[in-house]
Each structure stands twice: as structure tokens, then as C-alpha cells.
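In what follows, a single structure is set out as C-alpha cells and then discussed.
A short reminder: the numbers here are calculations on the coordinates, not readings from a lab. Worth saying up front: this structure is predicted, and the values here are computed from it rather than measured. Quick reminder, even Gly has a Cβ in these numbers, built from the backbone with ideal geometry, and neighbours come from all protein chains shown.
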Amino acid sequence: MDPIALARDLLRCPSVTPAEAGALALIEAVLKGAGFEVHRVTFAEPGTMPVENLYGRVGSSGPHLVFAGHTDVVPPGEQGKWTHPPFAGEITADTLYGRGAVDMKGAIACAIAATLDHLAARGGKPKGSISFLITGDEESIAVNGTVKLLEWVRERGQSFDHCILGEPSNADSIGDTIKVGRRGSLNGTLVITGKQGHVAYPERADNPVRGLVTLMSALMAAPFDQGSAHFAASNLEFTSIDIGNPVVNLIPNEARARFNIRFNDCHSQISLKTLIERLAAGAAGERVRWHIEWEPSNADSFLLEPGMFVDLVAGAVKEVTGRVPKLSTSGGTSDARFIKNYCPVLEFGLAGQTMHQVDERTPVADLTILTAIYRKILDRYFS
Ligand SMILES: [Zn+2]
């Protein structure tokens, strides 16, 4: 099967979250044609838009390898800035253009093409089971997508042995990186409470800005760890300081600062919160009235330990590209944070330089290479 034509057709579906826009219908048709049992499942909950998802499986025995991914894309932004329209799937010279080319319709097309070729070479039947777990809710709030789809599959008594998530894992060119884990992410707001007053009579007021600066300095100064075997050091960044005081002669009552922490496997969310609150308390002493408002997070750090599965995928990458891929845990979060609770998962897809950018694109040759890599993985996994 031709991954390039399939990728182009997927790019022509303007599936900005939460729109399905024909992308899942296309995948459903292709998979059904290859003997997959396909389910289209819509999830919803109060306060969110309903989102369509797809689960397709061929085979009924183990081992069970699942390709995961998302067909939703981020908005194209100003369409006039694109050299080629974002939902036209145009190919010029050696390049396929379109929103979702690398993140991540291209990789889905490659996985489907590789799977169909693999099945065709075996008389249409896998030596185990192959599935596609495709969501339409990854790029936005990710509540009606992979989390619920995984649970839906489990409720039907099915389980996976290994998962490949086709996010654009490669940094510069295909074959350079496999993502074997991700840092966790935690958001909080530091709140300092003072006492409002006239700026000319500071003795009658308590300016919370002083405390805010003191506590922010303390939280920015301390390294939380030195990194670990597979992870860079955890890092806190303040992203906004909010006082919202429109006048010049008033000491404000309250000062707030938002922050995000990307943390490694030295910490759990609980241990990290404890550490940060201890640092803040130490800096505050008796003088500063403070508290931290933590936002709920479903992004813990995780790591796929080296072993058979990583070796198999790395070996396939090397055989096709001649390169030894780096095993990385860098970057933002992905749906792997949910999948890891169900089975070992790694991420390997296209090269990510243009993801979420104007003129998102992939070399056409990369689609051929990625399909060959996925095919090699399938052949080895089911040998
Ligand atoms: Zn993505």
C-alpha cells in the first residue's frame, strides 16, 4: 500500500480538534478492507465537545502490538501565510505539505501501509494481533480521547503487549531519536497575601510584592535534582506574574505568579509538591503569608526500561537508516503518559521540526523510510 497517497488523503481532512472531518472514516475504510474489526467510539462529558475515536484490531491471539496516534491537528493559524494551503495535501518536488504532515497523520499512514503490506505477505493473517488506537482528541484538552479509549478497550477484555506511538520523535532527521519516556508536568500558582494600603503610608500596609520576589527567587535558585540516568534535571519556570494593579498609589492586596515544572523520575507529584512547599516555607519564614494553588495533573514522568522491545525497534531503525537512534526522554507530554499504564510504550514517528508551524511538511522520502521501519518492526515482532 502507498503511504504517500494515504497521508495526502488524510491531510485533506481538516480535522482540527474536535472535528473528525473524514479522517477516521478514511482509516476505518482502509482497515476494514484489510480484515480489521473496526469500532468508531464517541466520548463526551459535561463541559466538553464530544470527540470521535477509532479502535481497529486484526487477529485474536497474542502477542498484541498496537499502533497509537491521533488524527486531530492544531489549527493552521493564518492560512495566507502557508506556501501551500494547510488542508490541500499538496506535494511539490520531494515534500508533502499540510497541517498534520508530521504531527501525526504521516506516521499513521506509514503504520497502516506497513501493516497492510505485512499482512499481505502472510496471507492476510497476523501471527498474533495488530491494532490501531486512534484518537481525535490529543491536541486539545485530551479528555475524550486516549484515556477513555484505553478504558473502553479494557472493558471489552482486551489488553496490549506493546505499543508504538507515532508522534514525531525524531529531532532533525528520521532515525535519530526514539522517545522512551517523558518528563512529568505540573502547574501551580504561588499566591502571596498582603494588606492593601496607600503607597505613601507603607507602614500601614503589607506589600505582597516583596514576599513574591523572595519566594520566586528561592524556587528559581534551587536545582530540584541533578538529573537521572535517562532524564535531564527537573526544571521550574515562572510563566506569569499577576498583580493586576491599574493605579500607581495603591499597594496591592495580593500578588500571584504562575509556574510550570517539568520533572524527571526522581520525583512523584507528591514528593515534588512537598519539596517546593518546603522551599517556599523556608524562604517565607514568619514574614510572608503564602500558599500554592496546584492544578490537577495527569502527566507523571515515566520511562520504558531498556530491553527486548526497545532493542527490536532500535534494530529496525538501524537496519533501514544505518543510524543508531538516541533513546530520549526530552520534549513535552504525549498520550504515552496514558498508554504506559496499560503496556510498554515508546514513540517513533517522523521528524518534528515543523510540527505546529506554518508550512508543516515532511520529505516524501521520510514516509517511505518510516513505512520500511514499521514493516521491519512488524516482521521481527511477529517472526
Ligand atoms: Zn501529536
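Observations on the structure shown:
- The spacing between the stretch 310-348 and the stretch 98-117, judged by their C-alpha centroids, is 16 Å.
- Based on the Stokes-Einstein relation at 37 °C and a viscosity of 0.692 mPa s, and on the Kirkwood radius from alpha carbon pairs, the stretch 123-191 is assigned a translational diffusion coefficient of 210 µm²/s.
- For q = 0.13, 0.14, 0.22 Å⁻¹, Debye-computed log10 I/I(0) when each Cα of the stretch 56-151 counts as one equal scatterer: -0.59, -0.66, -1.10
- Sequence-distant contacts, meaning Cα pairs under 8 Å at least 6 residues apart, place the relative contact order of the chain at 25 percent.
- Stokes-Einstein diffusion coefficient of the stretch 326-365, Kirkwood radius over Cα pairs, 37 °C, 0.692 mPa s, in µm²/s: 264
- Highest-first packing order for the peptide set 157-163, 216-222, 21-27 is 21-27, 157-163, 216-222, based on the mean count of other beta carbon atoms within 10 Å.
- Across all C-alpha atoms in the stretch 1-124, the radius of gyration and Dmax reach 15.6, 50 Å.
- More than 19 Å apart - percent of Cα-Cα pairs taken over the stretch 176-260: 53
- Sorting the segments 188-196, 30-38 by their residues' average number of neighbouring beta-carbon atoms within 10 angstrom, most packed first, yields 188-196, 30-38.
- Beta bridges per DSSP, both residues in the stretch 1-146: antiparallel share near 65 percent.
- Volume of the convex hull of the stretch 239-383 (Cα atoms only), normalised per residue: 170 Å³.
- Proximal aspartates and glutamates relative to LYS340, as straight alpha-carbon distance under 16 Å, when same-chain residues fewer than 8 apart are discounted: GLU138, GLU151, ASP161, GLU167, ASP265, ASP300, GLU305
- Ordering of 230-242, 57-69 by burial proxy (mean other Cβ atoms within 10 Å per residue, highest first): 57-69, 230-242
- Here each label is just a point 7 Å from Cα along the line to Cβ, and for ASN245 and ARG278 those points are 3.3 nm apart.
- Globularity ratio of the chain, using Cα Rg and 2.2 N^0.38 Å: 1.14
- Here the stretch 79-215 is treated as an ellipsoid with the same Cα gyration tensor; its semi-axes, largest first and in whole Å, are 49, 24, 14.
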